[in-house]
1. Between helix 281-291 and the chain, what is the angle of the helix's C-alpha long axis to the longest principal axis, kept within 0 to 90° and rounded to the nearest 10?
2. Quick query: amide H of L90 versus all other amide H atoms, modeled in the peptide plane; which residues come in under 5 Å with a sequence gap of 5 or more or a different chain?
3. Hey, rough spin-label estimate for R134 and K276, points 7 angstrom out along Cα→Cβ, what's it come to in nanometres?
4. Would you mind working out the magnitude of the charge dipole of segment 191-293 relative to its Cα centre, with +1 at each Lys and Arg C-beta and -1 at each Asp and Glu C-beta, to the nearest 20 Debye?
5. Test of understanding: ordering L275, L249, L50 by Cβ neighbours within 10 Å, fewest first, what list do you get?
6. Convex hull over the Cα atoms of segment 1-140, averaged projected area in nm²?
7. Would you calculate a helix-derived [θ] at 222 nm for the chain, using -39,500 (n - 2.57) for each DSSP H run of n ≥ 4 and dividing by the full residue count, to the nearest 500?
8. Rounded to the nearest whole Å³, what is the per residue volume of the convex hull around the Cα atoms of segment 4-65?
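Readers should treat all values here as calculations from the given coordinates under stated rules, not as data from a laboratory. Everything quoted here is computed from the prediction, not taken from an experiment. Reconstructed Cβ throughout: ideal geometry from the backbone, glycine too, with neighbour counts over all protein chains shown.
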Amino acid sequence: MAESLRFTVPAECGGMAAKWFLKSRCGLSTRMITRLKREKDGILMDGKILRTIDPVVSGAEIVINLPGEASSYIEPVDGALDICYEDGYLIAVNKPPFMPVHPVKQHQNNTLANLVTAYAQKNGAEYVFRAHNRLDRNTSGLVLIAKDKYSVFKLHKAVHKTYFALVHGRLEGSGTVREPIGLHEDSKIVRRVTEGGSPAVTHYNSIFSGDDYSLISLVLETGRTHQIRCHMSYLGHPLLGDDLYGGTLELINRQALHCGGMIFVHPVTGEKISLKAPIPPDMQRLIDNKITK
C-alpha cells in the first residue's frame, strides 16, 4: 500500500517555502496540506518535521506520510479480472458489461470492487477501492483504480478517456454537443437536456455510418451522469440497446457503450501512460457485420 511518498528537492527549488513546494512540485491541495499538518510526522524533510513556512533545502528528501482512512467493508469475491495495467499505485481493469463497479443494495457481491478486493488480498495488498471513473453497470471498458489518496487527487480531471458507441441511424462527420444536463422531472434516474442543468460538453467523431446504425468515438470535457447516453439521444441518435433513452434492444441487449482508451500522466512517476481495451464481442459482432457488408 503506497501511503508514504518521497520527493527530492531540486536545486532550482532550494529556499522555496515548503507550502509552495508541496503544492507546485508534490501536487498537494491546500486541504491535504492542512490535514497533513495535523498528522504525526505528516510532512518531513530529512527526517525532521517540516512546517509549511519553512524553506526547503536543495537535495533534501521530503517525505509525505498520507493519513489513514476508514473504509466500508467490501466482501472479497474470487473472479476473473482483465487487468490492463498495475503498479504500486494504480490498477486498471477492463470491466465486462453487466457488472456494477460498486456494491449497491441489489448487487452486494458481484461487483468489480468485490473482485479487486479479493485480488488485492491474494497478492498481500490491502487498499481502499477507489475507482477514478464509474461506468454504468451495462457499460464496458476501462476502470482506473487508485491505491492511495494522493493518486486519487493527482488524477482528478487529469485522465483523458475515449469511448466507443454504436448509435441508431446515420451519423457522419464530427461535432460537439454543448447542452446542460439535469434530472428528468418524472425520474430519479433519467437525465435530459434542460436549461437549468449542469454544463456538459461531448465531442464525437464518426468512424463509420450506415442507414441503420453508426460507430462513433467520443471524448468528454465533463463527466455528468449518463452524459453520452443523454446527449446522443438529444441529437436523435440514441445508443443501440439503450431503451432508457430511446434505443431498442433488437440488436444488442445493453447500451452499446465502451470505454476503450485512457491517457494520463502517472501521479507519482510522471510517466505518460496510454491504455487500450478491445471492444467486447457483442459490439464487435455488430461492427464486423457492418464492415463485411
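1. 50 degrees
2. For L90, the qualifying residues are K147.
3. 3.0 nm
4. 180 debye
5. On the way: L275 18, L249 12, L50 26.
Ascending Cβ contact count within 10 Å gives the list L249, L275, L50.
6. Values: hull surface 40.6 nm².
Orientation-averaged projected area of the Cα hull: 10.1 nm².
7. Theoretical 222 nm ellipticity from helices: -5000 deg cm²/dmol.
8. Numbers: hull volume 4.1 nm³, N = 62.
Cα convex hull per residue, to the nearest whole number: 65 Å³.
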